[in-house]
1. What value in Å³ per residue do you get for the convex hull of the alpha-carbon atoms in segment 170-209?
2. What order do you get for 120-133, 252-265 when each peptide is scored by the mean count of other beta carbon atoms within 10 Å, highest first?
3. Starting at the first residue of segment 369-374, write each ³J(HN,Hα) from the Karplus equation 6.51 cos²θ - 1.76 cosθ + 1.60 with θ = phi - 60°, in whole Hz, x for Gly and Pro.
4. Treat the count of other C-beta atoms within 10 Å as a stand-in for reagent exposure and order Glu283, Glu316 from fewest to most.
5. What residues qualify as long-range amide H neighbours of Ala327, i.e. H under 5 Å apart, gap of 5 or more or another chain, H built at 1.01 Å from N?
6. Output ³J(HN,Hα) for segment 413-425: one whole-Hz value per residue in order, computed from phi by the Karplus curve 6.51 cos²θ - 1.76 cosθ + 1.60 with θ = phi - 60°, and x for Gly and Pro.
7. About the Cα centre of segment 234-499, what is the dipole size in debye to 20, counting +1 per Lys and Arg Cβ and -1 per Asp and Glu Cβ, all else neutral?
8. Need one number: convex hull volume per residue for segment 234-499, Cα atoms only, in Å³.
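Values in this text are rule-based calculations from the coordinates and carry no lab data. These numbers were taken from a predicted model, which means no experiment stands behind them. All Cβ positions, even for glycine, are placed from backbone atoms using ideal geometry, and neighbour counts span all protein chains on display.
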Amino acid sequence: MSFAVLLAWVLLWSPGGQQVRGQATTTSTQQRVVGADARKSSTRGPVDSGLEPLQEPPEETGFFGLRGSSVRRTSESRLKDSWLPPPPLMPSTTTTPAPCRTVLAGEACYEAVTWAMAIGISTNPQWYPGLSTSSSFDDFQNALYGSKANNGVCSTTACEPCHTAVTGEACYADIQWALTTGMSTHPERYPGLSASNSTEEVQDFFYQSLLYSNCPLPCEGELSKAPPPAADFSRFLTWNLYVFTLAGRVVPVADEILRMNPEIGTFPEMWREKFAILDRLNEVSGPIWAFADGGPTERYNDADILYRSDLWEHIESDVVPYSADRALNWAVLRRRADNFTLLAAGTHPLCCQGDLVILKAMEFVLQTLGAVQRRHRYPIVLMGDLNTGYFEASQQLLRTGHADGFGRTWNSPLTFVDAWAELHPGNPNPSTINDEPVRIDYVYLQALHNDPALSTSAPGGGDNSDALLPWGETSLGLVASQIWPRTAGSDHRAVSADVVLTGLVGQNP
């Protein structure tokens, strides 16, 4: 052993050397403990999602539920914190949703859901639109599904329980009416079905194609595994996205739009988030979606028009304001397959000020659409969150062209068919917002029975002089209307109308 090695050995095992080594060991241990405590404490409260602050729309008064001015003044720091507080995990990069299941203890999503149910819903209810302390575990999991604001810890939805309709339930009555009457009188509404199908198959058809909102997912029974063939219709849809927390719900909102699969839709309460939603839509399904971009669509609280650009060609569009922050969107769209052309429109008048405000807004909308239609002689589809109920004077004006209210008579040469009420005359006013007993979201199809305004040659050719119905030969070509379940964190339920677009009106050979 050399002298240098011997000296090092003596110093190491001397009392002073042991003390130095002990201090180093203690310091290292303390660092590990501190690091562990830091990691543990990071799971105890809200974490910064890294999202950009939500762009607030112009201030206004009166919203249902929590959409009041106090919520609009929520600080950017609160919005920048995560919508819910799960542990920080890397966001999922997959674009295919995982199979539905209820998450289990030990999973990050389970921690987020239980925290939200035990603490979050009481301390920050505005983070959970549409939920309450009585909401189920599955309700919270579904609301958290796909939320980027929490690093996407809930990557799957809870599975919907099945239930086969029984005597005495509304779904069962719908099934029996379809089997005994509907399929013989309106076979176009039940593609792929006949009176020989089982009740489970008819219930599944209602559930899958969403003709009615009464029918849940049926249990297997005699259920056919093959889905019914798609009908040759175009789906129009309106859905208020609930602007607060929308920046953290881009993925579930876009995925829900893909599930509902409209050809043309209007989406109130969507501001600059629409670009992220559009990116998500085109990322998943390919570049087949576009917004009508005419006019200052980011300046007003309106109803942006989304359409399938692989099916429809954008001809012209604009935004026409009717108050300081409210406007009408319109777009002329031409179907690529056969040149069928229509005028899509969307709007979102001011909430909670009474029907007089809505009447004035509808009067302006009707006058404006009439002026646009004199230049573009095509049938109109008017959609949006109209912030008033079915029985109010403003909606009577749209349906009949006449209404009395607030000390005067209101008239319009344009009239419309309310898609939902046309197919559900016994239930025209179901809830479309939270649990409020009122429908405020509508898809209106212009009623054109020998309308003189359109009984002339259409631009580009085509004689419309003998046109009776613009939407088809039976019931205006309307084959279905659905109020969809509330989902993806919005306080509204989407409303859709499936329409067979045939006939001379709107076609340019």
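1. On the way: hull volume 2.4 nm³, N = 40.
With only Cα atoms used, segment 170-209 gives 59 Å³ per residue.
2. Working: 120-133: 16.9, 252-265: 20.7.
Highest mean packing first, the order is 252-265, 120-133.
3. 5, x, 5, 5, 5, 5
4. On the way: Glu283 11, Glu316 14.
Final ranking by Cβ density, sparse to dense: Glu283, Glu316.
5. Placed amide hydrogens put Asn301, Tyr322, His348 under 5 Å from Ala327.
6. Using θ = phi - 60°, the values come out as x, 8, 10, 9, 9, 6, 4, 5, 5, 4, 9, 9, x Hz.
7. Values: 21 positive and 33 negative charges, 38 e Å.
Roughly 180 debye, rounded to the nearest 20.
8. Details: hull volume 32.2 nm³, N = 266.
Here the figure is 121 Å³ per residue.
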